[in-house]
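All remarks here apply to the structure that follows.
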Amino acid sequence: MVLLELGRSLRASLNKLSTIGGASEEVIAQVLNEISRALIESDVSVSLVKQMKDKIAAKISLTSDSHVNKKKLVQKAVQDELVTMLSPKTKPYNMSRKKTNVIMFVGLQGAGKTTTIAKFAGYYARKGWKVSMVCCDSFRAGAFDQLKQNATKLRVPFYGSYTEADPVVIAEKGVAQFRKEKYEIVLIDTSGRHRQETGLFEEMQEISAAVDPDNTVFVMDGTQGQAVYDQAMGFHDAVDVGSVIVTKLDGHAKGGGALSAVAATSSPIIFLGSGEKFDDFEPFNAKSFVAKLLGFGDMRGFMDELESVKDKDAEKRVQANMAKGKFTFRDLYTKFESMSKMGSLSKVMGMMPGMSGMANMMGGMNMDEKFKTWKFILDSFSDDELDGKVDIHTAPDRQKRIERIARGSGSHPAQVEGLLQQHKMWAGMVSKMGKSGLMGGVDNKQMKHVQEQMKRNPAMRAKAEEMARKQGINPDGGLDMASMMQGALGGGGGGMPDMARGVGGGGQPDFAALNQMMQNMGR
């Protein structure tokens, strides 16, 4: 997750509200000072931090009700003010599938513009958009080769020229070609410079006038901190910058300053880049970003993202099976496919409360590589094995099948055995929940009834919050009851069982307590 140190500092400060004598005025003042110090260390403007601190203190002082939970009040105030600080003043461009969306990328040389274009193309290609790329950077040696290599890896068509030196001509021809071929997104890579030169702005203006882009994206180097404010305003004055992408946020100390500075320009941030891989790229939403930064997770964002990439027909089949307490290897493969389309697993886990420790559970092994290996293994299963017509767990020739699958997938038999054990654990969880009628999803009548009962019965809600905490979920993070129940049930909502509990020996949901709760609600 980006801005790791800042997030860790903010979470540590907020945790003191419950570890050092409650939420007295002295403790609250200490916490606010530490939060302010963490933001300043992340290069956020001192005046901006002071304004935020004063607003939080004012909100807390206005609450005179002694029964109000001060800890939750402080958390909510901090979260709201951080969201306000990072929220865009204008809405970003909304792309349409009914037309060719021409997006022009601008920025200084070294900001990661060409790599960002590849990430942008990969993000929308995974979602089924018809994407293309045009290289208009005739200034930097190797720019066209870099874009061509990235486009080839992504299997995205590209346009450029080794002989044409006029970027305006390249832009016109490339956009005309892809418009004719009905591409939905055309991404234009423009030249960068070492500093904000007059020639750079003139070239951008000429390309912009020639192709009339629907959106101009300013790619900004996050390591510049507060200094990006002047850069963003300079580009905004030269061309109609519609949105911003901030790059190089992986662990750099000045990331907070860069984000707050861009927000001050009223230009909406649409994506954050945090590495060289194409998957190191995530949409920016102020509420979701702050929730993840504070360790609250973003279950709604996770479910929305999953909904946008999943195969609807396959998911219906999986949910129908899980409702019956059945979870085949083909169902498992479908879940892996959906999650892989969302990007790296570290990004996915950042959206889920209580998942930050999963890497340690997996023994330090790269999670993306582990799940990729499991997908290769599943590719070597026969149809009967995937669909459960042959139970590989109990088959008389089990060992021979394992050896055959290992040879076909280029893996070790022990890796195949490991996948079988994980599937057996997850299938057992699904079976228990299916028999208990708990796999119908958070939108069914039973879950709605649960939520209504929670509103009327504080003691029952307290019990649910306690169960959520046992499963590693922080109910103080603004999650609704459905989200807490999802976590307590191990993924919930007809979704995937919580892999964190299946890898490395974590616990299972407290089915006895859940069933008792359901029975109590029915009375």
Qualifying positions in the range 86-105 - crowded, with 18+ Cβ neighbours inside 10 Å and at pLDDT 90 or above: Thr100, Asn101, Val102, Ile103, Met104, Phe105
Enumeration of residues in the range 111-135 that are assigned to a loop (DSSP other than H, G, I, E, B) and at pLDDT below 90: Ala111, Gly112, Lys127, Gly128
Among residues of the range 373-391, those that are touching a residue at least 24 places away in the same chain (Cβ under 8 Å) and either farther than 15 Å from Gln415 by Cα or in a helix (DSSP H, G or I) (or both), counted: 11
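Any residue in the range 130-153 that is among the hydroxyl-bearing types (Ser, Thr, Tyr) and out of contact with any helix residue (DSSP H, G or I) (no Cβ under 6 Å at 6 or more places or on another chain)? Reasoning before the result, please.
Initial filter on the range 130-153 (among the hydroxyl-bearing types (Ser, Thr, Tyr)): 132, 138, 152.
Checking the rest, the ones that are also out of contact with any helix residue (DSSP H, G or I) (no Cβ under 6 Å at 6 or more places or on another chain) come to 152.
Within the range 130-153, one or more residues are among the hydroxyl-bearing types (Ser, Thr, Tyr) and out of contact with any helix residue (DSSP H, G or I) (no Cβ under 6 Å at 6 or more places or on another chain).
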Single residue of the range 369-413 satisfying the filter (under 30 Å from the mean Cα position of the chain (by Cα) and of a type in the set (Val, Ile, Thr)) that is modelled with the lowest pLDDT: Thr373
Qualifying residue in the range 212-221 (condition: at pLDDT below 95 and over 29 Å from the mean Cα position of the chain (by Cα)): yes
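Matching residues to (1) open to solvent by less than 50 Å² (accessible area, probe 1.4 Å); (2) outside any helix (DSSP H, G or I):
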site	(1), (2)
Thr394	no, yes
Ile402	yes, no
Ile405	yes, no
Ser411	yes, yes
Residue within the range 136-145 that is assigned to a loop (DSSP other than H, G, I, E, B), among the hydroxyl-bearing types (Ser, Thr, Tyr) and open to solvent by 40 Å² or more (accessible area, probe 1.4 Å) present: yes
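Of all residues in the range 35-54, which are at pLDDT 85 or above and surrounded by 16 or more Cβ atoms within 10 Å (Cβ to Cβ)? Talk me through it step by step, then tell me what you get.
Taking the range 35-54 and keeping what is at pLDDT 85 or above, we get 35-37, 49-54.
Once the filter is applied, which keeps residues that are at pLDDT 85 or above and surrounded by 16 or more Cβ atoms within 10 Å (Cβ to Cβ), the range 35-54 yields Ile35, Ser36, Val49, Met52, Lys53.
Which of the residues spanning the range 240-269 are open to solvent by less than 30 Å² (accessible area, probe 1.4 Å) and either modelled with pLDDT of 80 or more or part of a loop (DSSP other than H, G, I, E, B) (or both)? Even if it seems obvious, please write down each step before you answer.
First pass over the range 240-269, keeping only residues open to solvent by less than 30 Å² (accessible area, probe 1.4 Å): 241-247, 249, 255-263, 265, 267-269.
Once the filter is applied, which keeps residues that are open to solvent by less than 30 Å² (accessible area, probe 1.4 Å) and either modelled with pLDDT of 80 or more or part of a loop (DSSP other than H, G, I, E, B) (or both), the range 240-269 yields Val241, Gly242, Ser243, Val244, Ile245, Val246, Thr247, Leu249, Thr265, Ser267, Pro268, Ile269.
Hey, can you tell me all the residues within the range 270-292 that are within 16 Å of Leu249 (Cα to Cα), modelled with pLDDT of 75 or more, in a helix (DSSP H, G or I) and in contact with a helix residue (DSSP H, G or I) (Cβ under 6 Å, 6 or more places away or on another chain)? Show your work before the answer.
Going residue by residue through the range 270-292, those that are within 16 Å of Leu249 (Cα to Cα) are 270-286, 289-290, 292.
Next, only the ones that are modelled with pLDDT of 75 or more stay: 270-286, 289-290.
Going one step further and asking which of them are in a helix (DSSP H, G or I), we end up with 286, 289-290.
Within the range 270-292, Ala286, Val290 meet the criteria.
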Verdict on Leu108 being aliphatic (A, V, I, L, M), in a helix (DSSP H, G or I) and either at negative phi or touching a Pro at 6+ places or on another chain (Cβ under 9 Å) (or both): no
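Farther than 30 Å from Ala171 by Cβ, assigned to a loop (DSSP other than H, G, I, E, B) and modelled with pLDDT of 80 or more, is that true of Val83? Let's see the steps before the verdict.
Working: farther than 30 Å from Ala171 by Cβ: yes; assigned to a loop (DSSP other than H, G, I, E, B): no; modelled with pLDDT of 80 or more: yes.
Here the answer is no, as Val83 does not meet what is asked.
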Long-range neighbours under 7 Å by Cβ, at least six apart or interchain, first residue more than 23 Å from Met204 (Cα to Cα) and surrounded by 15 or more Cβ atoms within 10 Å (Cβ to Cβ) within the range 149-173, second of a type outside the set (Gly, Ala, Ser) and modelled with pLDDT of 95 or more: Val156/Val131; Val156/Met133
First in the range 81-105 and closer than 19 Å to Leu259 by Cα and among the hydrophobic types (A, V, I, L, M, F, W, C), second anywhere and at pLDDT below 90 and open to solvent by 70 Å² or more (accessible area, probe 1.4 Å), Cβ under 8 Å, 6 or more apart: Val83/Lys287
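The values are calculated or read from the model by the stated rules, or taken from the named source; none is laboratory data. The model shown is predicted, which means the values in this text are computed figures rather than measured ones. Counting neighbours? That spans all protein chains shown, and the Cβs are built from the backbone with ideal geometry, glycine included. Keep in mind that these areas ignore ligands, DNA and RNA; they rest on the heavy atoms of the full protein, side chains included. Shrake-Rupley method; radii C 1.70, N 1.55, O 1.52, S 1.80 Å.
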